[in-house]
Amino acid sequence: MKILYFAWLKTKLQMTSESVPWSEECRDTDSLVRWMKTRGPSFAEVFSDLEVVRIAVNQEYITGNTVLGKEDEVAFFPPVTGG
Amino acid sequence: MIRVQPDIFDIGKEIEVMTNGRTDIGAVVSFTGLVRDFNDGSKVTGLSLEHYPGMTERELAKIEEEARARWDLQDCLIIHRYGEMALGEPIVLVITASPHRQDAFEAAHFLMDWLKTKAPFWKQEVNARGETNWVKERESDLKAATRWKSDS
């Protein structure tokens, strides 16, 4: 799976994107977030308040837990501030 | 039509391109968002915008489609810039064309309100001390967007 980070999430994680091999641990977005929190202090911090993190799967906003496959693109970002 | 680009745009030229040679358009409304020198009481000296290539275009296209379904629009253009911007420069442009002003006004208002809460852009401000800050979402923008929800 391809994971993308934007805005302050990118700054805090010092990473714009990464490839994560699909596993049972990240079979859906809830599981992926749970796993992310275990990856170290900066990940734990970034994913501590999910009120301020938006998730998109394959470039579409998701509203609830979403099943993930090997080829999926998952993006994590803060509420948008364009315009 | 939607355009996502780093380059500055010419508002007058864009309106001219939309209306040139047409005699069926009765109303054109445009909104331009500019880089201002203050935010939340602090001085701002510059701005940069990040976006999510691919998703940005998809979201903007959906917003345009929604506007065309709700109002009688003869044409519609959204331009949104990304990258580095100087104070006073334009960031975003929305132009709507309709036979009558009501549709053009409302559609332009709707496009901006929805764009602000849906299109994946993030502003980063530079302050007088040279520090950069990610801009926070505004409650007033969320409120503005919800008022268009009632009839959807």
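The values are calculated or read from the model by the stated rules, or taken from the named source; none is laboratory data. Since we're looking at a predicted model, the values are computed, not measured. Cβ: placed from backbone, ideal geometry, glycine included. Neighbour counts: every protein chain shown. We work out accessible area using only protein heavy atoms, side chains counted, and drop any ligands, DNA or RNA first. Shrake-Rupley method; radii C 1.70, N 1.55, O 1.52, S 1.80 Å.
With a 1.4 Å probe and all protein chains left in place, how much of the accessible area of the protein assembly as shown comes from carbon and sulfur atoms, in whole percent?
50 percent
Under unit Cβ charges (Lys, Arg +1; Asp, Glu -1), what dipole magnitude, rounded to 20 debye, does segment B:56-152 have relative to its Cα centre?
240 debye
What average number of partner chain Cβ atoms lie no more than 10 Å from the Cβ of the residues making up B:113-125?
5
Kindly report the accessible area of the protein assembly as shown per residue (heavy atoms of protein chains, probe 1.4 Å, no ligands, DNA or RNA), in Å².
51 Å²
Write down, largest first, the equivalent ellipsoid semi-axes of segment B:30-70 in whole Å, where each equals the square root of 5 times an eigenvalue of the alpha-carbon gyration tensor.
That gives 29, 15, 8 Å for the three semi-axes.
Towards the positive end of the charge dipole of the protein assembly as shown, with charges on Cβ (+1 Lys, Arg; -1 Asp, Glu), say which of B:Ala108, A:Leu50, B:Asn127 has the farthest Cα.
Positive-most Cα among the choices belongs to B:Asn127.
Among B:Pro53, B:Ile15, B:Leu73, which residue has its Cα positioned farthest towards the positive end of the charge dipole of segment B:2-135, with +1 placed on the Cβ of Lys and Arg, -1 on the Cβ of Asp and Glu, and the dipole taken about the Cα centre?
Highest projection toward the positive end goes to B:Pro53.
Amide H to amide H, which residues 5 or more places from A:Arg54 or on other chains are under 5 Å from it, using H placed in the peptide plane?
For A:Arg54, whose amide H was placed from the backbone, the distant partners under 5 Å are A:Phe77.
What lysines could a cross-link reach from A:Lys2, if we take a straight Cα to Cα line under 20 Å and drop same-chain neighbours fewer than 8 places away?
A:Lys10, A:Lys12, A:Lys37, A:Lys70
Rounding to the nearest 20 debye, state how big the charge dipole of chain A is about its Cα centre with +1 on each Lys and Arg Cβ and -1 on each Asp and Glu Cβ.
So the dipole magnitude of chain A works out to roughly 240 debye.
Suppose every K and R has +1 on its Cβ and every D and E has -1 on its Cβ; what is the size of the dipole of the protein assembly as shown about the Cα centre, in Debye to the nearest 20?
380 debye
Grab the DSSP H runs of chain B that are 4 residues or longer, score each as -39,500 (n - 2.57), total them, divide by all residues and round the 222 nm result to the nearest 500 deg cm²/dmol.
-10500 deg cm²/dmol
State, as an integer percentage, the relative contact order of chain B based on alpha-carbon contacts under 8 Å between residues 6 or more apart.
32 percent
For chain B, just run the numbers: alpha carbon Rg, then divide by 2.2 N^0.38 Å, N being how many residues it has.
1.08
At a cut-off of 50 Å², which residues of segment A:41-83 become less accessible once all protein chains are present than in their chain alone, using a 1.4 Å probe?
A:Gln59, A:Glu60, A:Tyr61, A:Val80, A:Thr81, A:Gly82, A:Gly83
D for segment A:2-77, whole µm²/s, Stokes-Einstein with Kirkwood Rh over alpha-carbon pairs at 20 °C and 1.002 mPa s: what number?
174 µm²/s
Using a 1.4 Å probe on protein heavy atoms only, how many Å² of accessible area do B and A hide from each other, summed over both chains and rounded to 100?
Summed over both sides, the interface buries about 1900 Å².
Roughly how many Å is it from the Cα centre of segment B:99-152 to that of segment B:1-31, as a whole number?
Centre-to-centre (Cα) distance: 20 Å.
Starting from the amide H of B:Asn39, placed 1.01 Å from N in the peptide plane, find each other amide H under 5 Å away whose residue is 5 or more places distant or on another chain.
Sorted by chain and number, the residues that satisfy this are B:Val44.
Give me the Kirkwood hydrodynamic radius of segment B:70-146 in Å, from all C-alpha pairs, to one decimal place? Could the numbers behind the result be given before it?
Values: mean 1/r = 0.0694 Å⁻¹.
Final number for the Kirkwood radius of segment B:70-146 is 14.4 Å.
Per DSSP H run of at least 4 residues, take -39500 (n - 2.57); add these up for chain A, divide by its residues and hand me the 222 nm value, nearest 500 deg cm²/dmol.
Values: 3 runs with 22 residues, N = 83.
Calculated mean residue ellipticity at 222 nm is -7000 deg cm²/dmol.
What list of ³J(HN,Hα) values in whole Hz, one per residue of segment B:130-147 in order, does the Karplus curve 6.51 cos²θ - 1.76 cosθ + 1.60 (θ = phi - 60°) give from phi, with Gly and Pro shown as x?
x, 7, 10, 9, 6, 6, 8, 4, 9, 4, 5, 6, 5, 4, 4, 6, 5, 5
Taking a cut-off of 26 Å, what percent of all Cα-Cα pairs in the protein assembly as shown are separated by more than that?
For the protein assembly as shown, the share of Cα pairs beyond 26 Å comes to 44 percent.
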